[in-house]
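To start, the structure under review is shown below, and the notes come after it.
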Amino acid sequence: MSTAPGAVSVAMLDEALGETRVGLMKLDVEGFELHVLHGGRQALDSGRIVHIVFEDHDVERSQVVRRLQSAGYQVFAVGWRMRGLVVAPVE
């Protein structure tokens, strides 16, 4: 199969993973994280992705956080204070 120069192959996350179990997924798609998670519904809901790292600047209102929590994930926020790194669960 040949593609045009600069063309990008696209697949739903569930299609790309199949039944594979993933230890860590870094999700960095500049605001389209929820779309990726929708495409990985089966993998998320079955717990086949163990850990997910993503960036969100508004955790309290984040649909991504809510989607992950609804799939059974515990979400943690990482930040800094005067004494160093702070990691705390998002409630």
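The values are calculated or read from the model by the stated rules, or taken from the named source; none is laboratory data. All figures in this text were calculated on a predicted structure; none of them were measured in a lab. We place every Cβ from the backbone using ideal geometry, glycine too, and count neighbours over all the protein chains shown. Note: areas computed on protein heavy atoms with side chains; ligands, DNA, RNA excluded. Shrake-Rupley method; radii C 1.70, N 1.55, O 1.52, S 1.80 Å.
Annotation: residue 42 fulfils all but one of (1) modelled with pLDDT under 95; (2) of a type outside the set (A, V, I, L, M); (3) in contact with a Leu (Cβ under 9 Å, 6 or more places away or on another chain); (4) surrounded by 14 or more Cβ atoms within 10 Å (Cβ to Cβ); the unmet one is (1).
Among residues of the range 10-23 that are more than 13 Å from residue 49 (Cα to Cα), those with a Cβ under 6 angstrom from a residue that is in a helix (DSSP H, G or I) and open to solvent by less than 100 Å² (accessible area, probe 1.4 Å), sequence gap 6+ or separate chain, pair up as 12/39.
Listed by first and then second residue, the pairs with beta-carbon distance under 8 Å, at least 6 apart or on different chains, first residue in the range 28-45 and within 14 Å of residue 66 (Cα to Cα), second open to solvent by less than 60 Å² (accessible area, probe 1.4 Å) and of a type in the set (Asp, Glu), are 33/56; 41/14.
Need pairs with beta-carbon distance below 7 Å; first residue under 14 Å from residue 49 (Cβ atoms) and within the range 66-77, second open to solvent by 40 Å² or more (accessible area, probe 1.4 Å) and among the charged types (D, E, K, R); sequence gap 6+ or separate chains. Note: pairs meeting the criteria are 71/45.
Residues that are among the hydrophobic types (A, V, I, L, M, F, W, C) and either crowded, with 17+ Cβ neighbours inside 10 Å or under 16 Å from residue 89 (Cα atoms) (or both) within the range 45-70 comprise 49, 52, 53, 54, 59, 64, 65, 68, listed in sequence order.
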